[in-house]
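Single-structure report; data block below.
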Amino acid sequence: MTVSLVVADLCKTFGAGAEGVAAVRDVSFEVAAGELFTLLGPSGCGKTTTLRLIAGLETATAGRIVFDGQDFTALPPFRRNLGMVFQSYALYPHMSIFENVAYGLRARRAPDDEVRRRVREVLDLVGLAGYEDRRPGQLSGGQQQRIALARALVYGPRLLLLDEPLSNLDAKLRVYMREEIRKIQQRAGITTIYVTHDQEEALSISDRLAVMYQGEVIQIGTPSEVYAEPASVGVADFLGRANFLEAAVVDGGGPRVRVRLASGLLVEVVRGDPAWTPQAGEAATLFIRPERVSLGTDGGGEDVTLQATVVRRTFLGGIVRYALDAGGARPVLADLQRLLPGAEIGRPIPVRFQLADVRAYPASQRPWGETV
């Protein structure tokens, strides 16, 4: 992996002394050349502040930002040669699409023939060739977003920054545009930092992602790694639906831990938090995704069977989500591809899953936003 961007121990505090608020705390990550790297987290977690620090729109309190071997930390924004797409498209309504896209080139005093060539090339790249004479108000939201992207790419920036670029679009158009942005980014081959609070968006578009919470990076990995092997209960709960089962530690020293479920069943599972040292008798939380849970007696290879009662079922189009009372504080969720005969509300039914799909965490960890 050829490293393009290095962010090391980055901090940003707003205000001074006791009144100061730490928006970003010791954030570190590396981004490979040509990679689409996403900063993901709930509102207020510091992801946009981190992006603005990279762009030079905020000044770092501490830490370093290095791009292609050049220290960007104290460099003014206009000398970083970055392209940025904001949440609001910030298109000039009185200008044609051509002039909107050409704006950065004009500011750099590029020759007219070069301006025309580059604008044509980038409009073709984003699939809007022939729209040069239109105004932003004549375009759909998705088209305006692509124009904003074209304007950010037209002068050949070394790094592309996107701050919640799809938040103003409706749900169906968001899905379409995230696919378009990914295709455009790959065709351009440009190193990209993408900020979003939308988990599905981040999982679908990223080469790798960093999950942030309260100003810190909690976990970095590929979408499949972070989804299947979250580093904390907070990450597990934030990235989609999650089941949490109560258990007690029997013993554990190494990557696996033996726990006893509330039903009395003794099992051995992978320790999800690498920093956790389980102690015998300690309360633990077991995590498993709803799509890894099966119901009924049919199936094969499941290691654990719990007796439960159906309390709710919800049709969600591609799946049917069952909520079941298995005797714990939270219902167990099971996502199935179809309605299951016999799984009626109020009916008892076995809940089954494989231990390979389970991760264990200390019970002191809570989903983000949940009070203790």
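The values are calculated or read from the model by the stated rules, or taken from the named source; none is laboratory data. Computed from a predicted structure; not experimentally measured. Cβ atoms come from the backbone with ideal geometry, glycine included; neighbour counts cover every protein chain shown.
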Do we have any residue at all in the stretch 292-307 that's closer than 23 Å to GLU200 by Cβ, surrounded by fewer than 15 Cβ atoms within 10 Å (Cβ to Cβ) and out of contact with any strand residue (DSSP E or B) (no Cβ under 9 Å at 6 or more places or on another chain)?
no
Can you name the condition, by its number, that VAL66 falls short on among (1) under 28 Å from ARG174 (Cα atoms); (2) among the aliphatic types (A, V, I, L, M); (3) in a strand (DSSP E or B)?
(1)
Some residue of the stretch 133-145 being part of a strand (DSSP E or B) and either surrounded by 13 or more Cβ atoms within 10 Å (Cβ to Cβ) or in contact with a Phe, Trp or Tyr (Cβ under 7 Å, 6 or more places away or on another chain) (or both)
no
Just checking, how many residues over the stretch 165-186 are in contact (Cβ under 8 Å) with a residue 40 or more places away in the chain, of a type outside the set (A, V, I, L, M, F, W, C) and either crowded, with 20+ Cβ neighbours inside 10 Å or touching a helix residue (DSSP H, G or I) at 6+ places or on another chain (Cβ under 6 Å) (or both)?
3
In this structure, is LEU123 over 19 Å from SER88 (Cα atoms), in a helix (DSSP H, G or I) and assigned by TED's automatic domain parsing to the domain that holds ALA107?
yes
Pairs with Cβ under 6 Å, 6+ apart, first in the stretch 73-102 and under 27 Å from GLY34 (Cβ atoms), second aromatic (Phe, Trp, Tyr) and not in a strand (DSSP E or B)
ARG80/PHE72; ASN100/TYR92
Given the conditions (1) within 22 Å of ALA236 (Cα to Cα); (2) among the hydrophobic types (A, V, I, L, M, F, W, C); (3) crowded, with 17+ Cβ neighbours inside 10 Å, and given that LEU340 satisfies all but one, which numbered condition is not satisfied?
(1)
Mind checking which residues of the stretch 74-103 are under 25 Å from the mean Cα position of the chain (by Cα), part of a loop (DSSP other than H, G, I, E, B) and not aromatic (Phe, Trp, Tyr)?
GLN87, SER88, ALA90
Go over the candidates GLN219, GLN214 one by one and state the one that is polar (S, T, N, Q), free of Cβ contacts under 8 Å to residues at least 24 places away in the same chain and outside the structural domain of ARG338 (by TED's automatic domain parsing).
GLN219
Verdict on LEU316 being within 25 Å of the chain's Cα centre (by Cα), more than 16 Å from ASN243 (Cβ to Cβ), in the same structural domain as SER294 (by TED's automatic domain parsing) and aliphatic (A, V, I, L, M):
yes
Test of understanding: among GLY189, GLY253, which residue is on the phi > 0 side of the Ramachandran plot and surrounded by fewer than 18 Cβ atoms within 10 Å (Cβ to Cβ)?
GLY189
Residues of the stretch 256-277 satisfying the condition of being more than 29 Å from the chain's Cα centre (by Cα) and either part of a strand (DSSP E or B) or surrounded by 17 or more Cβ atoms within 10 Å (Cβ to Cβ) (or both):
ARG258, VAL259, ARG260, LEU261, LEU266, VAL267, GLU268
Name, by its number, the condition in (1) in contact with a Pro (Cβ under 7 Å, 6 or more places away or on another chain); (2) hydrophobic (A, V, I, L, M, F, W, C); (3) in contact (Cβ under 8 Å) with a residue 24 or more places away in the chain that does not hold for ALA33.
(1)
Could you tell me how many of the residues in the stretch 192-216 are buried (at least 22 other Cβ atoms within 10 Å of the Cβ), under 12 Å from the mean Cα position of the chain (by Cα) and closer than 24 Å to LEU10 by Cα?
10
Filter the stretch 1-52 down to residues that are surrounded by fewer than 20 Cβ atoms within 10 Å (Cβ to Cβ) and in a strand (DSSP E or B), then give me how many there are.
15
